[in-house]
Amino acid sequence: MRRLWALLLCGAGSATAQDVPVLEAFVDGQIEERKIWIDKSQWLGDRGAVWSDEISLAGADYIRLLLRTEGASFPDDARLVIFGAMDQSLEVGLAAIPEAGQWTPLLPFGRARLALVSDSRLPDTAALVIESIAIQSTKIARYSTYGENQLTPINNPEVPEEFQALGPPVALLSFVEGGFARTCSGFLIGSDQLMTNEHCIRDQETCASMTAVFGYEYDQTGRLGIGAQATCAGVDLLRMNPALDVSVVTLDRPMDDAYGLVEILPMETVPEMPMVVVQHSGSQPKQISMLDCTAGELRVAGRGEATDFTHTCDTSGGSSGAPVFDRQGRLVGLHHFGFQDGDAWDSNRAVHLDLIADWLNTAAEDKGE
């Protein structure tokens, strides 16, 4: 059987000194136009499993496909079934794909088998189009570290269990903006409510392209795993605050209780004590910064005046939207700014939780909740 694509990916990024803070969303890939048509000329019949093929992209950490339909409408039971490289089984309903297209969930290792399945007869003129592919290419992330990079996989045996327990609500956010594949971090504050930075998810277009990937992490044996994925069902202007660089988005479904929540418990000030940051730095599987990780200046400028505190927790591109906890596991801030040696802005910065909590309460009152 033929393969749709076989690519070798490479690339590198470099950083120069900055006179402004670095928002740590990560441009981690490229969007390539494909326009691959799957129509009656390729079907094995007009119902059942009418077509199948596989994707294999050498060197890809992960990919996503932009799907579109053409011609007659597909029946409601027609779907694209995707079998991923890590025991994933995903389905995309073809009748529900919007005119602008729909991005698939994240597919690790650039390998997957696709099957077009329908219990009802397919119209002769219906076609599924793979419009584009988002490819996570090999790239050097810009790290914001104090001395040696001490980021550690979340389930490393050296990480205390109480810190590992902070990980399940944190997700890798994969989305498309400005023609690039990008990543951030985010975390559940409700069963279908996810908090991240406003510079990550700021409008309906980026929301429509987003998937939140939970459980993308190495276990204690070093085996990579992946959990549930959820898409962004909508954004609300009342739940976006550019000055605080925070967005709360609604997911397309409630997440399983096993992923837990990060509680918003307002604190008047950031404790002057060690901290931890759980994050998807460099779009990699979940990591934690816990060594030499502490608060610095307690009231400094962020996007607004005195909205931030500085911290010495190691981060990188992709860490935007990560929760900052104290050592008791209480949320104290929302990370968003990084730096590099030689920059005029020479510290990592997070938004104070007390300001975010006050804003959330005001937004809820404005909505009549």
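Every read-out reported here was derived from the displayed coordinates using simple, explicitly stated rules and does not represent laboratory data. Quantities reported herein were computed from a predicted structural model and do not represent experimental measurements. Cβ coordinates were reconstructed from backbone atoms using ideal geometry, including for glycine residues, and neighbour counts include every protein chain displayed.
Cα-based values for region 30-136, radius of gyration first and Dmax second, are 13.2, 38 Å. Modelled spin-label separation between L291 and D219, with each label point placed 7 Å from Cα along the Cα-to-Cβ direction: 2.5 nm. Compute the acute angle (0 to 90°) between the alpha-carbon long axis of helix 353-366 and the principal axis of greatest extent of the alpha-carbon atoms of the chain; round to the nearest 10°. Roughly 60 degrees between the two axes. Above 19 angstrom, tally the Cα pairs of region 124-208 and express them as a % of all pairs, no decimals. Value for region 124-208: 61 percent of Cα pairs lie more than 19 Å apart.
Shape descriptor for region 284-330: Rg over Rh equals 0.97 (Cα atoms; Rh from the Kirkwood inverse mean 1/r).
Of the peptides 316-324, 199-207, the order by per-residue mean of other Cβ atoms within 10 Å, starting with the highest, comes out as 316-324, 199-207. Think of region 140-369 as having a plus end and a minus end, set by charges on the Cβ of Lys, Arg, Asp and Glu; of N241, P266, L172, L172 sits farthest toward the positive end of this dipole. In region 30-136, taking the dipole from charged Cβ atoms about the Cα centre, the farthest positive-side position among L122, I97, L107 is held by L107. Each principal axis of the Cα cloud of region 174-330 was evaluated for its coordinate range; sorted largest first, these ranges are 42, 38, 30 Å.
Quick check: net charge around G71, other residues with Cβ under 15 Å of its Cβ, Lys/Arg +1 and Asp/Glu -1?
Working: positive: K35, K40, R68, R121; negative: D39, D46, E70, E99, D124, E131.
With Lys, Arg at +1 and Asp, Glu at -1, the net is -2.
In a simple Cβ point-charge model (Lys, Arg +1; Asp, Glu -1; nothing else charged), the chain has a dipole of about 1300 debye relative to its Cα centre.
What does the convex hull of the Cα atoms come to per residue for the chain, in Å³? Present the calculation step by step, with values, prior to reporting the outcome.
Details: hull volume 51.3 nm³, N = 369.
Expressed per residue, the convex hull around the Cα atoms of the chain is 139 Å³.
Counting only Cα atoms, region 220-261 measures 42, 22, 16 Å along its principal axes, largest extent leading. If only the Cβ of Lys and Arg carry +1 and only the Cβ of Asp and Glu carry -1, the dipole of region 156-205 around its Cα centre is close to 140 debye.
Can you figure out the FRET efficiency of R34 with E158, using R₀ = 35 Å and their beta-carbon distance, to the nearest 0.05?
On the way: r = 43 Å, r/R0 = 1.22.
Efficiency computed from Cβ-Cβ geometry: 0.25.
Full extension of the chain between A58 and S73 yields a length gain of 2.0 nm, computed as 0.36 nm times the residue separation minus the alpha carbon distance. Work out the charge dipole of the chain with +1 on the Cβ of Lys and Arg and -1 on the Cβ of Asp and Glu about the Cα centre, then indicate which of N149, V27, S56 is farthest towards its positive end. The residue sitting farthest along the positive end of the dipole is S56. Close amide H partners of Q193, meaning residues 5 or more places away or on another chain with modelled amide H under 5 Å apart, are L251.
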